[in-house]
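I have placed the structure first, in the form of structure tokens, so that the comments after it can refer back to it.
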Amino acid sequence: MKNINISFKKLKTRNIEPQSLERIQLELLEESNLDINYLVLILGSCVIATLGLLSNSVAVIIGAMIVAPLMLPIRGLAFGALEGHVVLVRKGLSAIAVGTFLAIVLAVLLGSLVRLPEFGSEVIARSKPTLLDLGIAVAAGGISGFAKIQPKVSATLAGTAIAVALMPPICVIGLALSQGNWSLSLGATLLYLTNLLGITLSCMLTFLIAGYTPLHRARKALTWTLVFTAILVIPLGVSFVELIRQARLEASLKRALLNRTITFQRVVLMKSDANWLTNPPEVRLNVRSSEPLTPKQVRLLEEFVEKEMGQHITLIFEVGQVEEVRREVL
């Protein structure tokens, strides 16, 4: 109990030397500058992320995560809000807003030029954020804040952790707008706001716990950030419950098909992938078989699934033929 009281007292006072405080303020001001370097990195990371999303390439998207500089003004915004530093807050907000706007516009243009008939799984995956995404953002923001107050920790480590959560959803917003897909755009926007608020909140808490600002000064900004984050928890919680339901439904579907149908006694299931955004949901099954599957068999399987699970699901089979090859008999 005594240790808890001591820790609370530390939060109420500033424990950092004036020189260190001035240093971190100057560094955050410099990081939040809306200069040519920042704009080039924003546009470059947006091009990489958008093309990676269009090609459904995880490796390319990771490359964009490393380049994206959005985490820098977010840290400045978090610290400025805690300290009531108007200039730092204004510069951080301006950099974030301009960077986000430019990235969305560029993604819209690229999406309009490529005109894919349908998006891949990497795009779809960023349209249904859940509480898990908020947890990732909070952890990433904590890493970023810690790296800022600990010079021995590489800034690249924090940049990689934060960029992963920001640029891809912005690009998905633009890609969705290029095709007029409002539901996809809204889902990606929710993910972006979730990451933005989660990162900002955990950066604030890191600066507060480290003693860079007293609790009485940080209370107002921290309260408002918590309120906005709590509002987002509602749709994120609904999506999380839906994610659990879909996972259980998909597991039940696999068990029903594998264990209770004659068709699946003659094929080998290699991979399955469900798209729950379509109506009805589509389940794509990659199987290997020595005999072809007929449309009638697929229809009977769909009827069986609907009877067993009480929900109509479209089954799409990708069949790889298995052929026996033996040596010639002399």
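Would you check if there is a residue in the stretch 80-88 being in contact (Cβ under 8 Å) with a residue 24 or more places away in the chain, in contact with a helix residue (DSSP H, G or I) (Cβ under 9 Å, 6 or more places away or on another chain) and assigned to a loop (DSSP other than H, G, I, E, B)? Scanning the stretch 80-88, I find at least one residue that is in contact (Cβ under 8 Å) with a residue 24 or more places away in the chain, in contact with a helix residue (DSSP H, G or I) (Cβ under 9 Å, 6 or more places away or on another chain) and assigned to a loop (DSSP other than H, G, I, E, B), so the answer is yes. Tell me, please, whether a residue that is open to solvent by 10 Å² or more (accessible area, probe 1.4 Å), among the acidic types (Asp, Glu) and either assigned to a helix (DSSP H, G or I) or modelled with pLDDT under 75 (or both) can be found in the stretch 284-291. Within the stretch 284-291, one or more residues are open to solvent by 10 Å² or more (accessible area, probe 1.4 Å), among the acidic types (Asp, Glu) and either assigned to a helix (DSSP H, G or I) or modelled with pLDDT under 75 (or both). Among the residues making up the stretch 32-51, those that are surrounded by fewer than 24 Cβ atoms within 10 Å (Cβ to Cβ) and out of contact with any Lys or Arg (no Cβ under 8 Å at 6 or more places or on another chain) are 35, 36, 37, 38, 39, 40, 41, 43, 44, 47, 48, 51. Has the stretch 114-128 got at least one residue that is over 28 Å from residue 284 (Cα atoms), open to solvent by less than 20 Å² (accessible area, probe 1.4 Å), at pLDDT below 90 and hydrophobic (A, V, I, L, M, F, W, C)? Looking for residues that are over 28 Å from residue 284 (Cα atoms), open to solvent by less than 20 Å² (accessible area, probe 1.4 Å), at pLDDT below 90 and hydrophobic (A, V, I, L, M, F, W, C), one finds none in the stretch 114-128, hence no. A Cβ distance below 7 Å, combined with a sequence gap of six or more or placement on separate chains, defines the contacts here; from the stretch 193-219, residues that are farther than 22 Å from residue 127 by Cα and touching a residue at least 40 places away in the same chain (Cβ under 8 Å) reach residues that are among the aromatic types (Phe, Trp, Tyr) and surrounded by fewer than 20 Cβ atoms within 10 Å (Cβ to Cβ) in the pairs 206/146. Each residue in the stretch 239-263 was checked for being among the acidic types (Asp, Glu) and modelled with pLDDT of 75 or more, and 1 pass.
All conditions in (1) closer than 15 Å to residue 30 by Cα; (2) crowded, with 22+ Cβ neighbours inside 10 Å hold for residue 87, with the sole exception of (2). Restricting to the stretch 52-76, name every residue that is open to solvent by less than 30 Å² (accessible area, probe 1.4 Å) and either at pLDDT 90 or above or outside any loop (DSSP other than H, G, I, E, B) (or both). Scanning the stretch 52-76 gives 52, 53, 54, 61, 63, 64, 65, 71, 73, 74, 75, 76. For the condition basic (Lys, Arg), open to solvent by 60 Å² or more (accessible area, probe 1.4 Å), within 23 Å of residue 141 (Cβ to Cβ) and part of a helix (DSSP H, G or I), residue 254 does not qualify.
The values are calculated or read from the model by the stated rules, or taken from the named source; none is laboratory data. All values derive from a computational prediction rather than experimental measurement. In this analysis, Cβ positions are derived from the backbone assuming ideal geometry, glycine residues included, and neighbour counts consider all displayed protein chains. Calculation scope for accessible area: heavy atoms of the full protein, side chains included, ligands and nucleic acids excluded. Shrake-Rupley method; radii C 1.70, N 1.55, O 1.52, S 1.80 Å.
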